[in-house]
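Enquirer: Shown below is the structure under consideration.
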Amino acid sequence: MTTPLSPTARSTVRRGAARARTDRAELYAVLDAGLVGHLGVVLDGAPVVLPTGYGRVDDTLYLHGSTGAATLRAAAAGAPVCLTVTHVDGVVYARSSFHHSMNYRCAVVHGLARTVTDPDERERGLAALTEQLAPGSWTATRRPDRRELAATAVLALDLTEASLKVRTGPPGDDDRDLDAPVWGGVLPVRTVFGAPEDDPLLPPGTPVPARVADRVSRAG
């Protein structure tokens, strides 16, 4: 059983509040289905938002990057952060330009990130990051060596303060526009993996592993 989301003043959905979701399992599903998040932090008085990989273990998100990255250094030093993960599921066409929209699932996480120093937790975090991007690869590939680990910062972000907002369905046209001779509806958007492309340096005859082939043409 998962506990429901408990919105704070910062994470409460106000605009379009009816689209807010409070089931923590739904939050997990949105995060687990993503490939990239956007991490926001204030640097030298100005906001910076950068794409980043992530991985989830229970109620913790793990982020990583170069130890020299300014955003990660600021987060590690105690700057508040915000991470968002968004899926666009459809373009909503309305009879009026005002009511055009998108169907989407969007998770927003607020909090203070902590630097992960415990070796076992660092390994769990890096494994989660790898598996989020490329399932099956953590156990199938070489693990990071000491030099690589020393150059990598791993941060943990708790999911206590998180919100989830979802839009589904057709356009919300005004009654006065429903008889207009204009098409209204939804154009679905899906993420699909294409055919794997071999690295030119692969030894001849190296097969594509099942962990890669199984993802081909699978909708996200």
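The values are calculated or read from the model by the stated rules, or taken from the named source; none is laboratory data. Bear in mind that the values here come from a model prediction, so they are computed numbers and not experimental data. Virtual Cβ from ideal backbone geometry, glycine too; neighbours counted across all protein chains shown. Each accessible area value is taken on the protein alone, full model and side chains, heavy atoms only, with ligands, DNA and RNA left out. Shrake-Rupley method; radii C 1.70, N 1.55, O 1.52, S 1.80 Å.
Enquirer: Looking for whichever is among the small types (Gly, Ala, Ser) and more than 17 Å from the chain's Cα centre (by Cα) here; the options are 33, 18, 25. Which one fits? Reasoning before the result, please.
Expert: Details: 33 fails: more than 17 Å from the chain's Cα centre (by Cα); 25 fails: more than 17 Å from the chain's Cα centre (by Cα).
The match here is 18.
Enquirer: Can you tell me which residue in segment 1-29 is surrounded by the most Cβ atoms within 10 Å (Cβ to Cβ), limited to those that are hydroxyl-bearing (Ser, Thr, Tyr) and under 28 Å from residue 99 (Cα atoms)?
Expert: Initially, segment 1-29 is screened for residues hydroxyl-bearing (Ser, Thr, Tyr), giving 2-3, 6, 8, 11-12, 22, 28.
Those left that are additionally under 28 Å from residue 99 (Cα atoms): 11-12, 22.
On the way: 11: 19, 12: 10, 22: 13.
So the residue we want is 11.
Enquirer: Then there's this: In the set 92, 81, 57, which member is of a type outside the set (D, E, K, R) and under 29 Å from residue 169 (Cβ atoms)? Spell out the reasoning first.
Expert: On the way: 81 fails: under 29 Å from residue 169 (Cβ atoms); 57 fails: under 29 Å from residue 169 (Cβ atoms).
Sole residue among the options that is of a type outside the set (D, E, K, R) and under 29 Å from residue 169 (Cβ atoms): 92.
Matching residues to (1) assigned to a strand (DSSP E or B); (2) open to solvent by 50 Å² or more (accessible area, probe 1.4 Å); (3) free of Cβ contacts under 8 Å to residues at least 40 places away in the same chain:
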position	(1), (2), (3)
123	no, yes, yes
128	no, no, no
135	no, yes, no
139	no, yes, yes
154	yes, no, no
160	no, yes, no
164	yes, no, no
171	no, no, no
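Enquirer: Would segment 83-105 turn up any residue that is assigned to a loop (DSSP other than H, G, I, E, B), at negative phi, touching a residue at least 24 places away in the same chain (Cβ under 8 Å) and within 20 Å of the chain's Cα centre (by Cα)? Step through it out loud before you land on a result.
Expert: So the first thing to find is which residues in segment 83-105 are assigned to a loop (DSSP other than H, G, I, E, B), and the list is 94-96, 100.
This time we only want the ones that are at negative phi, so: 94-96, 100.
Now restrict to residues that are touching a residue at least 24 places away in the same chain (Cβ under 8 Å): 94-96, 100.
From the residues that got through so far, the ones that are within 20 Å of the chain's Cα centre (by Cα) too are none.
No, every residue in segment 83-105 fails to be assigned to a loop (DSSP other than H, G, I, E, B), at negative phi, touching a residue at least 24 places away in the same chain (Cβ under 8 Å) and within 20 Å of the chain's Cα centre (by Cα).
Enquirer: Please find, among 127, 213, the residue that is within 23 Å of residue 67 (Cβ to Cβ), of a type outside the set (Asp, Glu) and out of contact with any strand residue (DSSP E or B) (no Cβ under 7 Å at 6 or more places or on another chain). Outline the logic, then answer.
Expert: Numbers: 213 fails: within 23 Å of residue 67 (Cβ to Cβ).
It is 127.
Enquirer: Another question, then. Can you tell me which of 68, 40, 78 is open to solvent by less than 50 Å² (accessible area, probe 1.4 Å) and under 23 Å from residue 104 (Cα atoms)? Before you say what the answer is, go through the steps one by one.
Expert: Working: 68 fails: under 23 Å from residue 104 (Cα atoms); 78 fails: under 23 Å from residue 104 (Cα atoms).
Answer to the check: 40.
Enquirer: Quick check on segment 37-74: of everything there that is over 18 Å from the mean Cα position of the chain (by Cα) and of a type in the set (Gly, Ala, Ser), which residue is farthest from residue 191 (Cα to Cα)? First the steps, then the outcome.
Expert: Just the residues of segment 37-74 that are over 18 Å from the mean Cα position of the chain (by Cα), to begin with: 42-47, 66-70, 73-74.
Those still in the list that are of a type in the set (Gly, Ala, Ser) too: 45-46, 66, 68-70, 74.
Working: 45: 36, 46: 33, 66: 28, 68: 32, 69: 29, 70: 31, 74: 33 Å.
Looking at the filtered set, the residue picked out is 45.
Enquirer: Please enumerate the residues belonging to segment 189-216 that are over 19 Å from residue 140 (Cα atoms) and surrounded by 10 or more Cβ atoms within 10 Å (Cβ to Cβ).
Expert: Residues satisfying the conditions are 189, 190, 191, 192, 193.
Enquirer: I want to confirm something. Restricting to segment 92-120 and keeping residues that are closer than 27 Å to residue 41 by Cα and basic (Lys, Arg), which single residue is most open to solvent (accessible area, probe 1.4 Å)?
Expert: 114
Enquirer: Which of the residues that make up segment 136-156 are out of contact with any Ser or Thr (no Cβ under 7 Å at 6 or more places or on another chain) and hydrophobic (A, V, I, L, M, F, W, C)?
Expert: Residues satisfying the conditions are 140, 149, 150, 154.
Enquirer: Quick one: which of 27, 31, 50, 39 is at pLDDT 95 or above and either in a loop (DSSP other than H, G, I, E, B) or closer than 23 Å to residue 215 by Cβ (or both)? Spell out how you get there, then give the answer.
Expert: Working: 27 fails: either in a loop (DSSP other than H, G, I, E, B) or closer than 23 Å to residue 215 by Cβ (or both); 50 fails: either in a loop (DSSP other than H, G, I, E, B) or closer than 23 Å to residue 215 by Cβ (or both); 39 fails: either in a loop (DSSP other than H, G, I, E, B) or closer than 23 Å to residue 215 by Cβ (or both).
Every option except 31 fails the conditions.
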